[in-house]
Each structure stands twice: as C-alpha cells, then as structure tokens.
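The numbers here are math on the coordinates, done by the rules we state, and not lab data. Since the model is a prediction, treat every value here as computed from it, not as a measurement. In this analysis, Cβ positions are derived from the backbone assuming ideal geometry, glycine residues included, and neighbour counts consider all displayed protein chains.
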Amino acid sequence: MAQGDLAGRSVLAMVTNYGVEQDELVVPVEHLRRNGATVDIAAVSGEPVVTLVGDKDPGEKVQPTTTLDQVDTSTYDLLLVPGGTLNADTLRQNPIAVENVQAFANSGRPVAAICHGPWALVEADAVRGKTLTSYPSLRTDVRNAGGNWVDEPVVADSGNGWTLITSRTPKDLDDFLRETEAALTTSP
C-alpha cells in the first residue's frame with residue numbers, strides 16, 4: 001500500500017489500560033497512521049496503556065488519545081479491537097466498550113478484531129451469523145454466541161450488513177492489516 005492511501009479515514013482503537021498485546025495495538029496503529037489514517041486510541045482512563053508481550057512480559061507504554069467515555073464513535077470509519085487476554089477479558093466487561101462495538105455493527109461500519117479481541121463482539125451479540133477466527137480458546141464462546149468459528153489466518157465476513165475482520169494471533173498481522181486496509185478503502 002502506498003503511503004497516504006488511507007488519508008481521510010479514521011480508526012478508533014479500543015483498549016483497557018493494562019494487558020493489551022503490544023504488537024496487536026502498536027503494529028496496526030503505526031501501520032495505519034503511516035498510510036494516512038487518523039487513529040485514536042481510546043482507553044478506560046487517560047493513563048498510559050501498559051502493553052504486554054505474550055500476555056506476561058512487559059511491553060511498550062502507549063499514551064491514549066481519548067477515553068472510552070469521551071469518544072464519539074460516529075466520527076470513525078473502523079473500530080480496531082486488539083487482543084491480549086487481560087485486555088480483552090476486561091474490555092468485554094466494560095458497558096461502554098460493548099456499546100461501542102454495537103454502535104459500529106448497527107451502523108454498518110467495519111470492525112477489526114484480533115486474537116482475544118472478539119470477546120468484546122461476543123459480549124455485544126455481534127458475532128451471530130458471522131464467520132470469524134480468533135485465538136483458539138475463544139472457539140466455544142464464538143459458537144455459543146451464534147458465530148461460525150474457523151481456524152484461518154484472517155477472515156473478512158461482510159454478511160449482516162457490516163464487515164468483520166478477524167485474525168488469530170500477532171503472527172497473522174500482515175493478513176489482518178491487508179483486510180483492514182481493504183475494509184477502510186471500500187467503506188462509505
């Protein structure tokens with residue numbers, strides 16, 4: 001993708017302040033910004049986001065640009081939901097985060113979730129009728145929520161009036177970013 005191809009597009013990355021998988025936040029944010037998109041990181045509070053590597057080792061600290069309770073989801077073209085077990089488990093219990101997922105799905109705007117990120121979509125009842133992938137331990141949760149779980153590097157499902165892009169782990173980031181860019185360039 002040429003630099004600047006995503007100019008005029010805006011992305012909301014939604015995280016908690018502790019436990020997000022470093023590469024699932026940092027790599028997409030840097031990549032999308034480098035290609036011209038405006039990316040805001042919304043965390044629970046304005047304190048730095050403490051990332052982890054492999055759910056256990058300390059990673060980079062990332063400064064959020066806004067908080068979940070201050071963000072206006074209607075101003076963004078795509079929602080990015082990174083994983084990390086602690087991040088995703090806490091995020092799915094946050095009513096504002098769940099409402100944000102519902103707002104994107106109900107308005108037909110794309111959502112991109114990786115690894116444990118789809119937990120927030122399960123909680124928001126947004127996987128019903130969708131085919132998606134995730135970290136394998138979410139398979140039963142996805143199926144119980146009415147989704148069709150598959151073991152693929154990336155899945156882009158445009159059914160039910162909106163696009164859901166999902167991937168399994170940081171190893172799938174190249175495929176995940178390719179499909180996320182495609183959704184951003186084709187979304188209204």
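With only Cα atoms counted, the stretch 109-156 has Rg and Dmax values of 9.2, 27 Å. With neighbours defined as other Cβ atoms within 10 Å of a residue's Cβ, the residues 135, 76 order from fewest to most as 135, 76. Taking N as the residue count of the chain, its C-alpha radius of gyration divided by 2.2 N^0.38 Å amounts to 0.90. Size estimate for the stretch 1-61 follows the Kirkwood approach: the inverse of mean 1/r over distinct Cα pairs works out to 12.1 Å.
Taking neighbour counts of Cβ atoms within 10 Å as a proxy for exposure, in what order, fewest first, do 122, 154 appear?
Values: 122 25, 154 21.
By the 10 Å Cβ count, ascending, the order reads 154, 122.
Phi angles across the stretch 153-170 convert, under the Karplus curve 6.51 cos²θ - 1.76 cosθ + 1.60 with θ = phi - 60°, into 3J(HN,Hα) values of x, 8, 9, 10, 10, 9, x, 6, x, 7, 9, 10, 10, 9, 9, 8, 8, x Hz, Gly and Pro given as x.
Take the alpha carbon atoms of the stretch 58-126, find their radius of gyration, then divide it by 2.2 N^0.38 Å using N residues; give the quotient. Working shown, then result.
Working: Rg = 11.7 Å, N = 69, 2.2 N^0.38 = 11.0 Å.
Rounded to two decimals, the normalised Rg is 1.07.
Helix content alone sets the calculated 222 nm mean residue ellipticity of the chain: runs of n ≥ 4 DSSP H residues at -39500 (n - 2.57) each, divided across all residues, give -9000 deg cm²/dmol. Return the distance in nm (one decimal) between the two label points of a simple spin-label model at residue 151 and residue 185, each offset 7 Å from Cα along Cα→Cβ. Between residue 151 and residue 185, the label points sit 3.2 nm apart.
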